[in-house]
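See structure below.
The values are calculated or read from the model by the stated rules, or taken from the named source; none is laboratory data. Computed from a prediction, not measured in an experiment: that's the story for all the values here. Ideal geometry is used to build each Cβ from the backbone, glycine not excepted, and the neighbour counts take in all protein chains shown. To get the accessible areas, we keep the full protein, side chains included, count just its heavy atoms, and leave off ligands, DNA and RNA. Shrake-Rupley method; radii C 1.70, N 1.55, O 1.52, S 1.80 Å.
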Amino acid sequence: MVRHSSKIELSQSALKQNINFIRKKIGDDAILSSVVKANAFGHGIETFVPMAEKAGVKHFSVASSYEAWEVREACTKESTIMIMGILYDEDLEWVIEHEVEFFVFDLPRLEKAKEVAEKLGKKAIIHLEVETGGNRTGLDESELDEAIRFLKENRESIRFEGFCTHFAGIENLSNRFRTKNQLEKFEELYRQVEANEITPKLRHTACSAAALAYPETVMDMVRIGTAQFGMWPSPDIYNMHLQQVGKTSDSPMKRVLSWKTNVMHIKALKKDEYVGYGTSFQAPRDMTIAVLPLGYSNGYPRTLSNRGEVIIRGKKAPVVGLINMNVFMVDVSRINNVEVDDEVILIGRKNSHVINISSFSEVTRAINNELVSRLPDAIPRFAVK
Ligand SMILES: *Cc1c(COP(=O)(O)O)cnc(C)c1O
């Protein structure tokens with residue numbers, strides 16, 4: 001194998017702690033579905049899925065049939081996979097054949113699922129996603145009666161596994177009236193289903209923020225992305241947790257991901273010289289600069305130009321100049337004896353120094369999810385203790 005310019009380590013003990021914490025919040029009965037869309041939020045499906053199984057997860061949710069295929073390659077036969085988003089008609093056969101579950105949010109999809117299921121002699125396993133005010137996907141209320149009728153008439157070919165919706169911004173308290181209305185709408189629509197004497201096995205609405213802060217949204221299953229990786233969905237949810245436990249700070253979850261590289265090259269700089277392209281950084285004094293072998297094409301945000309920090313030899317080194325496509329520079333003037341190939345921590349901890357995903361995003365104003373989900377596929381991932 002040829003060596004890549006950075007690596008990602010995933011902590012099994014952190015993951016276990018996060019899953020246990022979420023489990024405590026949701027109780028023993030609800031299914032915990034691990035949302036591993038976007039290559040497990042950049043953590044890497046291939047490495048992350050077996051780690052999650054080890055931590056007791058048996059249900060995975062993804063955004064597409066392509067991702068379902070990726071998870072299936074990585075998981076054991078005992079695990080269930082659910083597609084929440086894009087599924088092409090041409091892939092329905094593969095999906096139904098392999099008992100992959102999927103969201104349905106329009107009537108034509110029900111017809112098509114029935115047709116393919118009959119052809120294969122296998123049941124399609126569906127979750128009816130209803131519109132409650134998010135206005136993304138979701139079956140319109142006006143179509144619900146017809147969907148119910150269809151499901152009642154086609155029990156032989158379609159298994160009505162779930163009835164669900166997704167909240168539009170429940171992680172922010174400013175959306176609380178909208179999400180409260182969504183929950184009320186959901187319950188109203190569910191009563192309409194029950195009145196027709198057809199009941200799904202599961203009702204589910206909760207994402208990370210809902211599961212952590214709003215017990216009434218937990219129901220029979222929760223779909224957890226962000227929190228399992230040790231990231232709080234928002235400051236609001238973290239503060240609500242602090243209120244619940246009556247503390248002023250708490251860290252019940254741990255970051256699963258660390259990201260590391262090594263020093264590529266070292267350069268002495270004279271006062272008044274510029275670093276890299278253009279004039280964005282001019283040395284205020286004689287300096288020592290370390291060149292690192294990755295840039296924005298490798299997932300390190302360009303917005304961290306002249307703003308980010310890394311850890312080398314247990315000390316923080318600030319980014320100087322622009323983040324280039326494949327390299328960037330840090331000031332190591334105040335760190336003794338830095339050498340080529342020294343370890344560089346991009347996200348992670350050394351002694352008392354921490355570079356959090358959120359310390360990135362406060363600077364870049366990108367949300368945590370955006371940063372991690374953009375970590376390129378090509379970076380090798382390793383499970384560590
Ligand atoms: C992404 C997603 C989730 C998980 O959201 P988190 O806030 O990351 O837990 C749950 N449900 C649906 C439909 C999603 O698209």
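Residues of the range 278-317 falling in the label zone of GLU343, defined by backbone nitrogen less than 12 Å from a point 7 Å along Cα to beta-carbon, are 311-315. Highest mobility in the GNM of the chain, judged by mean-square fluctuation with C-alpha springs under 10 Å and restricted to THR76, THR279, THR199, is found for THR279. The label-point distance for LYS152 and LYS315, in a model that sets each label 7 Å from Cα toward Cβ, rounds to 7.5 nm. Filter the GluC sites (Glu not before Pro) in the range 182-287 to those in DSSP coil with at most 13 other Cβ atoms within 10 Å of their Cβ, and list the result. Answer by residue number: GLU197. Scanning residues 5 or more positions from ALA168 or on other chains, none has an amide H under 5 Å from its amide H, with H placed 1.01 Å from N in the peptide plane. Overall, the accessible surface of the chain at a probe of 1.4 angstrom is composed of carbon and sulfur to the extent of 46 percent.
Among the trypsin sites (Lys or Arg not before Pro) within the range 37-88, those in coil by DSSP and having at most 16 neighbouring Cβ atoms inside 10 Å are LYS58, LYS77. Label separation (ALA378 vs GLU78): 3.7 nm, computed from points 7 Å beyond Cα along the C-beta direction.
Counted without the sites themselves, the longest stretch of the chain free of chymotrypsin sites (Phe, Trp or Tyr not before Pro) in a DSSP loop having at most 16 other beta carbon atoms within 10 Å is 89-276.
Computed over the range 226-385, the percent of Cα pairs more than 26 Å apart is 32. Largest GNM mean-square fluctuation among VAL340, VAL95, VAL327, using the chain with Cα springs under 10 Å: VAL340.
Counting heavy atoms of the protein chains alone, ASP236 has an accessible area of about 40 Å² for a 1.4 Å probe. In the chain, helices alone account for a calculated mean residue ellipticity at 222 nm of -9500 deg cm²/dmol, with every DSSP H run of four or more residues adding -39,500 (n - 2.57). Residues in the range 257-355 average 50 Å² of solvent-accessible surface per residue, probe 1.4 Å, ligands and nucleic acids excluded. Annotation: extensible slack from MET325 through ARG176 equals 49.6 nm (criterion: 0.36 nm per residue apart, minus Cα-Cα distance). Full extension of the chain between GLU216 and SER359 yields a length gain of 48.3 nm, computed as 0.36 nm times the residue separation minus the alpha carbon distance. PRE reach from TRP94 (point 7 Å along Cα→Cβ): which of the range 50-71 fall under 12 Å by backbone N? From the range 50-71, the list is 64-71.
Taking the centroid of alpha carbons for each part, the range 257-333 and the range 157-181 are 43 Å apart. Both radii come from the Cα set of the chain: Rg as radius of gyration, Rh as Kirkwood radius; their ratio Rg/Rh reads 1.05.
Computed from the Cβ-Cβ distance with R0 of 35 Å, the FRET efficiency linking ASN306 to LEU242 stands at 0.55.
Accessible surface comparison of HIS204, HIS265, probe 1.4 Å, protein chains only, largest first: the order is HIS265, HIS204.
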